[in-house]
Each structure stands twice: as structure tokens, then as C-alpha cells.
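The values are calculated or read from the model by the stated rules, or taken from the named source; none is laboratory data. The model shown is predicted, which means the values in this text are computed figures rather than measured ones. Please note: Cβ atoms are built from the backbone with ideal geometry, for glycine as well, and neighbour counts cover all protein chains shown.
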């Protein structure tokens, strides 16, 4: 006997929640308890009174499972709203990464040249290393990290995706 | 303004909410609450013998009265023991508020004595939960907890209160707890259906040639009025009615339009009608795997309308054509009104009923006669015969006896059938019967049990004795965990691994040791008189009814099979199944 799985597609969700203790465990726990996956998750409060947090989750799921994920999230008591930005259509996604690279001589020059192309900023430097800050879509960051790997990648820190719908609607 | 301790605020708030009964067990972290309750003298506390039983008793109370069940237990083991009952209430949508003590705030996270992360542990087995760190918000939290537990899709809510919060004081004016009914900032269940959807549903129902009403526990939760409306809808449409395990009693078993329960151990006519229907109107049920059987073969040619208050139940297992998010009671009210106002005539379903009649003639609930031994089905029917005029409340444990009770005990009204459906918790029946008896002092309450299940909360015999509750336990004793044995017979070539009930107690002596009356029924000739003796005794009785050991529960749709692949008797059972069948529950 073998186990088969449905074809999944990535979705970016924006979840507005009460900023209260345990809320992240509630959301993340729902994903594990029901067997949904989380590719990235970011959270921060976004209102002036710090009462509401915005959680951005990138998950991948079949259409049928996606419908369940939205309904399951929506019925949690502290959840104000759940939006599937991917289904909504036009939206922008950004991620920030900090990338530490080792390099001397030609490697340093090459690293800086590539950084310029990818609009990465140097935010720390020693005689043998750089820390770059780069923002962009996931693909761009993946590519930049790939290039840095050839040069001498030491360490990567990524925020995960944040996303917002285009246009003037909320 | 007077200041009260957190414990006093809790008790005052519970009284304001109309709480009359609390099921619980004291311990270090709830002593201030127990003292406040003792001083107030306004709440009846039922002392159970194990916290799991407190939760099931609260479920039994809730299911039989329609009021929320309230549980009070201590921190650590008190809370963890309650987890099974909390999960049970979540699965079966039972309104319940569980108050747990917690170690003092300053000790949280230090592995203190009797500390457990109750909020963490119960996060996914509650509808919602709280850790209250300030007595000033306690009244509001309790009010909100009751609102959440009882509204929308009902369920359990846990409120964890550290001991220092119970002792610390805060301002409190009686009756000032914020009413949350309509104003909650995020929680607003949709109770009223979109009118156009109701109209569409009724047009579909009126046009259907082979309709069926598939009803569930949601109708019981929606209150007795919903059951009346279901009967009215059935009357004006002439449609056949089937129900899940949880919905039994919403529609009278004596009605001509009743097909019996559907699903794994449902009747032939109910499952064939589901399979052949051209329209399924699902009312407060959730297309559970026990009901649907193999999904790709489930009612292949029907259009499906699903009324459920929980949006996440819709399209979860089965895709439906017309989803309606609403309280099923409100939706039924609208449906009956709309059906009448649109002047739909009663459809001509003669051909459909002719086919149903053919399926009924299979007589799928028949069982082999046995003169030497009591057939368990016959025992249930004898029990029904002797008690149905008293309109008894029946609770069950989990297993064969539960399914036989569901098949053979005809229910005429809602709130009379209390069983653990979703979680399937052995040990549910006795404490649930205790809770039901507390909520319905004059009622005849019978726990139909198995000899294995009853031992899972047998300590509650003492609770019934203490409160002089005339609960009856009717054990179908076949000396096996019968459903496990039945599956082993079907799937594992009758290799009965650990399913034999060895070293059973003498149930009569056990009953007597707790101050109960014990009766043993050993053969068919004693069945009627034994039941009569049980009913004649004005107090708690445990009946040890010895039944045929190897009887199986049929009809049965094996896991992962279609409704039409029903087994009607043991001779159709193959000895060993392949791996994919073994992997199904």
C-alpha cells in the first residue's frame, strides 16, 4: 500500500488577529493539527493601539484543502479576517534577507558587483566578510543566495513573505 | 463599589448566568473557588470520582436539558483528566464550560507542583480557551466563555484561573458582566440563512423525484423547536428521513417516513435511499466518514444541499451544490414558511416510496433467532418494549451495544439519546447518565453498556449512590470488546488479539458494594422479568445481561466501501482483508 497526495499550489494568506498571548500557537497549531503545511510565516502588530496583528502565511494546498484552511482559520475566535491574496489576484509580495558572505580578493569584488545588480545593501563589512541586506520577491532572493553560495556563503536570515493587495482597497 | 475575590466573582457570575449545577472535583489550585461556592450555597455541586466523568456528566446534562454543562477541576491532573471529555464535547458540539485551577501566576512555567500547560494542552480540543491573569476581567471572560460555548456551533470552552487570581480582589457589581450576545468584535456566527438560498433549496426539494432528508445532531442542538419543524417539513414534502447517530430522536422512529439511521451500521433502506436519491437535503449533519462510506461512491447522482452553522463543515468531505450557512432551526423555520408560501404542492413520490418499500423488505435489522441465549438485539428490543412509554433517556458507552441501541431502540423525541459519536469514548455512558439524571430528576435514565466500556468509568457508581440518583445500567455482557472482536473477525481472520474481557468482576456484587441493586439476567427466560425488576426498583440498578458472545452488528458497511456494498450477515464476511482495507478506521 502506498500513500498518495493531491497536487498543491502555493497561496499567500493575510490573517488579521487579536494581538493576544498564544495567538500564534493557535494559528500555527491549527496548521499542524489538520495536516496543512506552512512554507513561511510572519507576524507583527499593525494597528496604532497594537491590538491587532497581521499574520502572513505562505502555504501550499489543493483548492479543496485551501477552502478548508480558510474556513478553519475563520472560525477561530480571535481571528478578525482571513484573505487569500493569491486568489484575490493582484498583490505584491516582499521578503527581506540578511546574507553573510566570506570573501577576499577577487571574490569581494565579485560579491559587491552582484550585490549592486540585485540591489543588495552592505550593512556590515570586515576585511574578510560582508553582510548584505536584500529585499524582493522570493525568487530574486533565492537567486541571490545561490550566487553568494558560489562566492562563500556563511549564513542566511530571512523574514519570510509579507504581502499586500494592490490598489486602494483594504 | 465593593471588591470581591476572583473566586467570589466567578461564583457570582455563574449565578448571574443561571448556572444551577457544577460537576467537579476539588484540589489545591481550586480551593478558593470551592470555598466561595461553599459559602454562596447557590450552586449544586456534583462530586464525581474522576475528572473525566465530570466532563461526560456535564455533556449528559447539556445534551438532555439544552443548557450548557459546567465543570470545575483543579490544575495539572485535574485538567489533563478532563481532556478526553473536552475533546468529546468538541467532536459532538456539546455546549460546555470547563473551569480549571492553575498554579499561581508567578509559578507558571516553573514545573510547579500540579502544573500543566492547560491552555496549551486544550488549545485544539476546545472551541476557545482562556488563561485569566486579572480578576478584574474575570466576569467578562466567563460571560464570553458561556456565549461562545452556547452559540454558533456549540462546543467546550476552558477558562484556566491561576490560584492567586482567585484570591486577589477586584471591583464587581452584580449583574454587570458585559452582555456579549451581539457585540463580540470577531466572533459572530451566522445564524440566519440568505433568503434566496432557502428559496432555491425549497424549489429544488419540490422538484425532486427522489429526495431524502439527511439529518444530524445539529437539529438536537437547535432545540426542540427544530425537531418539530423537521417533522413539519417532512409532512409537507412527503420526503423520507434518515439521521446520523447524533441526530436520533429529532424525527420519530414510529413515523412511516422514518428510514432508520444511515451509515456504517445504518439500515439497508436508509443507505440505498441515500445512494439512489436525486436530492439530499442535509440538515445539521457533517458528512462524516461513518456516514458516507467510500467518498467517490457516495450518492453519485444526487444534488446536495447542506445546511450547517459551521462553514468549515461545508465541502469538507463531500462537495455540495447548495451550501447554506445557518442555524438549522432558523433555516427549517424559513424552509417550512417558504415551501408553503411558494405554494409548492406535496410532490408525488409514489415511485420513490415504492422503491424504498422494496429495500425495507430486505429487513436488514433482522437477526438470527436463538432460543438458548439472549441475542443482544432482542435484549434492546425487550428494553424498549418495557420502557418506551416512559420516554426514557438512553445513554450508551461505545461499541456494538451502542450500535444495537441506535438500531433497535426507537426514539420519538429529541434530547433522549446521549452517546459519544465523534470521538467514540468508551466510559461515556455512566457519567452521562448521571448528568442527565441530575438535569431530569423525574426521568427514567438508562445507560446501555458493554461489559468492557462500563469498566472505564465504573468508579462513578459511587457518585450516583451519593446523590441518590436512580440511574439504571443495562450491560450487554458478551465477554468481548465486541466491536473490536467483530473487526478482527472481518479483517484479521478471527485472530482475537486482546479483545476478550478476562477477569470480569461479579457485576452484581460490585453493584451491591456501592449500594446499588445488582441483577443478573442469564437466559432468555429471565429477560422480561429481569428488566421488570430493574424498573420496579426505586434506586440505582446495574443489570448484568449475559448475551450471545459472538453476535455481530449488522448491517455493516466495511470501512472504505460504498453504501451499496453492505454486509447483511456474517456469512458474507471474508476472513482477511488487504492492506488498504486494514489502513482504514
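Scanning the stretch B:383-401 for residues that are surrounded by fewer than 20 Cβ atoms within 10 Å (Cβ to Cβ) and outside any loop (DSSP other than H, G, I, E, B) turns up B:384, B:385, B:386, B:387, B:388, B:389, B:390.
Determine whether residue B:39 is out of contact with any strand residue (DSSP E or B) (no Cβ under 6 Å at 6 or more places or on another chain) and part of a loop (DSSP other than H, G, I, E, B). For residue B:39, the condition - out of contact with any strand residue (DSSP E or B) (no Cβ under 6 Å at 6 or more places or on another chain) and part of a loop (DSSP other than H, G, I, E, B) - is not met.
Of the residues B:189, B:154, the single one that is within 14 Å of another protein chain (Cβ to nearest Cβ), within 19 Å of residue B:307 (Cα to Cα) and in contact with a helix residue (DSSP H, G or I) (Cβ under 6 Å, 6 or more places away or on another chain) is B:154.
Residues that are touching a residue at least 40 places away in the same chain (Cβ under 8 Å) and either more than 17 Å from the chain's Cα centre (by Cα) or assigned to a strand (DSSP E or B) (or both) were ranked within the stretch B:249-259; the one that is surrounded by the most Cβ atoms within 10 Å (Cβ to Cβ) is B:259. If you go through the stretch B:407-429 and pick out every residue that is surrounded by 24 or more Cβ atoms within 10 Å (Cβ to Cβ), outside any loop (DSSP other than H, G, I, E, B) and more than 12 Å from the chain's Cα centre (by Cα), you end up with 0.
Exactly one residue out of B:263, B:238 is surrounded by 22 or more Cβ atoms within 10 Å (Cβ to Cβ) and either closer than 24 Å to residue B:561 by Cα or in contact (Cβ under 8 Å) with a residue 12 or more places away in the chain (or both), and it is B:263. Across the stretch B:214-226, which residue is nearest to the chain's Cα centre (by Cα) among those that are in a helix (DSSP H, G or I) and surrounded by fewer than 24 Cβ atoms within 10 Å (Cβ to Cβ)? Here the residue is B:224. Restricted to the stretch A:62-170, the set of strands (runs of 3 or more DSSP E) holding at least 2 residues that are under 30 Å from residue B:318 (Cα atoms) and in contact with a helix residue (DSSP H, G or I) (Cβ under 8 Å, 6 or more places away or on another chain) comprises A:79-84. For the stretch B:366-380, taking the residues that are surrounded by fewer than 17 Cβ atoms within 10 Å (Cβ to Cβ) and under 21 Å from residue B:261 (Cα atoms), the one that is modelled with the highest pLDDT is identified as B:366. The residues of the stretch B:35-54 that are closer than 22 Å to residue B:136 by Cα and crowded, with 20+ Cβ neighbours inside 10 Å, listed by number, are B:36, B:37. Residue B:461 meets each of the listed conditions (1) over 16 Å from residue B:429 (Cβ atoms); (2) in contact (Cβ under 8 Å) with a residue 40 or more places away in the chain apart from (1). Counting only residues that are away from chain B (no Cβ under 14 Å) and surrounded by fewer than 17 Cβ atoms within 10 Å (Cβ to Cβ), the stretch A:43-83 holds 6 of them.
Per-residue answers, yes or no, for (1) closer than 19 Å to residue B:28 by Cβ; (2) out of contact with any strand residue (DSSP E or B) (no Cβ under 8 Å at 6 or more places or on another chain):
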| site | (1), (2) |
| --- | --- |
| B:79 | yes, no |
| B:82 | yes, no |
| B:92 | no, yes |
| B:97 | no, no |
| B:102 | yes, no |
| B:109 | yes, yes |
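Of all the listed residues (B:458, B:473, B:434), the sole one being more than 12 Å from residue B:395 (Cβ to Cβ), touching a helix residue (DSSP H, G or I) at 6+ places or on another chain (Cβ under 8 Å) and not assigned by TED's automatic domain parsing to the domain that holds residue B:70 is B:458. For the criterion of being away from chain B (no Cβ under 14 Å), on the phi > 0 side of the Ramachandran plot and modelled with pLDDT under 95, residue A:167 passes.
The set of residues from the stretch B:479-508 being without any contact (Cβ under 8 Å) to a residue 60 or more places away in the chain and assigned to a loop (DSSP other than H, G, I, E, B) comprises B:495, B:496, B:497, B:498, B:499, B:501, B:502, B:503, B:504, B:505, B:506. The combined condition, being in contact with a strand residue (DSSP E or B) (Cβ under 7 Å, 6 or more places away or on another chain) and over 22 Å from residue B:424 (Cβ atoms), is not fulfilled by residue B:394. Pairs linking a residue in the stretch A:21-40 that is more than 10 Å from chain B (Cβ to nearest Cβ) to a residue that is loosely packed, with under 14 Cβ neighbours inside 10 Å and part of a helix (DSSP H, G or I), with Cβ atoms under 9 Å and 6 or more positions apart or on different chains, are A:38/A:32. Where strands (runs of 3 or more DSSP E) sit wholly within the stretch B:50-141, those with at least 2 residues that are more than 24 Å from the chain's Cα centre (by Cα) and touching a residue at least 40 places away in the same chain (Cβ under 8 Å) occupy B:96-102.
Taking the options A:8, A:90, name whichever one is more than 13 Å from every other protein chain (Cβ to nearest Cβ), surrounded by 15 or more Cβ atoms within 10 Å (Cβ to Cβ) and modelled with pLDDT under 95.
The unique qualifying residue is A:8.
The residues listed here are B:551, B:511; of these, the one that is crowded, with 22+ Cβ neighbours inside 10 Å, in contact with a helix residue (DSSP H, G or I) (Cβ under 9 Å, 6 or more places away or on another chain) and not in a loop (DSSP other than H, G, I, E, B) is B:511.
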